[in-house]
1. Just list whichever of Lys9/Lys36; Lys8/Lys36; Lys8/Lys37; Lys37/Lys139; Lys36/Lys93; Lys36/Lys119 have alpha carbons separated by over 23 Å in the model shown.
2. Work out the FRET efficiency for Glu133 and Asp17 from their Cβ-Cβ distance, taking R0 = 25 Å, and round it to the nearest 0.05.
3. What does DSSP give for the chain in terms of the percent of beta bridges that are antiparallel, rounded to the nearest 5?
4. Could you give the distance between the Cα centres of the range 99-116 and the range 130-158, to the whole Å?
5. Less than 18 Å from a label point 7 Å out along the Cα-to-Cβ axis of Thr77: which backbone N atoms in the range 94-120 qualify, by residue?
6. Give or take rounding to whole Å, what are the principal axis extents of the alpha carbon atoms in the chain, in descending order?
7. Full extension from Lys36 to Glu96: what is 0.36 nm times the residue separation minus their Cα-Cα distance, to one decimal in nm?
8. If you take the square roots of the eigenvalues of the alpha-carbon gyration tensor of the range 76-158 and sort them as a ≥ b ≥ c, do you get rounded (a/c under 1.5), prolate (a/b over b/c) or oblate?
Amino acid sequence: MYNLDEVKKDIATWIIDTLSTDNPAFNGMPPCPFAKKALLTDRIEVIVVDNDTDFKLTKGILSEGNDVVAYVFDPTTVTPAGLTNIAVSLNNKSPELIFLEDHPDETEQVQDFVCNQGKYACIFGAVRDGVLEAREYLKTTDYYNNWDEDYKQTVWSR
């Protein structure tokens with residue numbers, strides 16, 4: 001079982017050092033331009049999932065002032081396909097929310113930049129309307145110019 005404080009520290013470090021740093025792959029923008037603000041305003045809830053029986057959709061977390069909920073799994077306990085199946089199931093059960101998976105064994109990359117957290121298998125949940133609004137804003141910039149069309153469509157289809 002992971003130590004929650006260590007996991008929170010690792011997620012925070014990834015957000016600050018990787019997702020919030022301007023990057024040429026995103027035309028000088030950070031890979032996730034909104035993550036740092038959510039972190040610094042303490043609006044990310046991290047939940048360590050020890051096994052499937054412990055995993056429950058906690059919709060209330062997103063209505064309690066959080067922008068994001070991060071469900072963190074040991075990647076040796078869930079395959080990339082299994083993690084995707086969980087995210088798809090959550091998206092089907094709660095269409096007002098959006099759940100995106102990140103597994104270290106399935107590289108998510110724009111040009112030469114790897115976006116994955118790398119240590120944990122994660123499912124990130126957020127209110128769908130907010131994510132879609134952020135995507136629409138980013139479409140008005142050069143943010144997506146370097147994205148592979150297949151990857152772009154995969155992300156946008158969720």
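What follows draws every value from the coordinates through simple rules; no lab data is involved. Note that the structure is predicted; figures quoted are calculated from it, not measured. When we count neighbours, we look across all protein chains shown, and the Cβ atoms used for this are built from the backbone with ideal geometry, even at glycine.
1. Details: Lys9/Lys36 13 Å; Lys8/Lys36 14 Å; Lys8/Lys37 15 Å; Lys37/Lys139 20 Å; Lys36/Lys93 28 Å; Lys36/Lys119 19 Å.
From Lys9/Lys36; Lys8/Lys36; Lys8/Lys37; Lys37/Lys139; Lys36/Lys93; Lys36/Lys119, over 23 Å: Lys36/Lys93.
2. Working: r = 26 Å, r/R0 = 1.05.
Here the calculated transfer efficiency is 0.45.
3. Details: 14 of 20 bridges.
Of all bridge pairs located within the chain, approximately 70 percent are antiparallel.
4. What the calculation gives is 15 Å, centre to centre.
5. Inside the label zone: 101-105, 118-120.
6. 42, 32, 29
7. Numbers: separation 60, 0.36 × 60 = 21.60 nm, distance 2.32 nm.
Full-extension gain reported as 19.3 nm.
8. Values: a/c = 2.18, a/b = 1.16, b/c = 1.88.
Verdict is oblate for the range 76-158.
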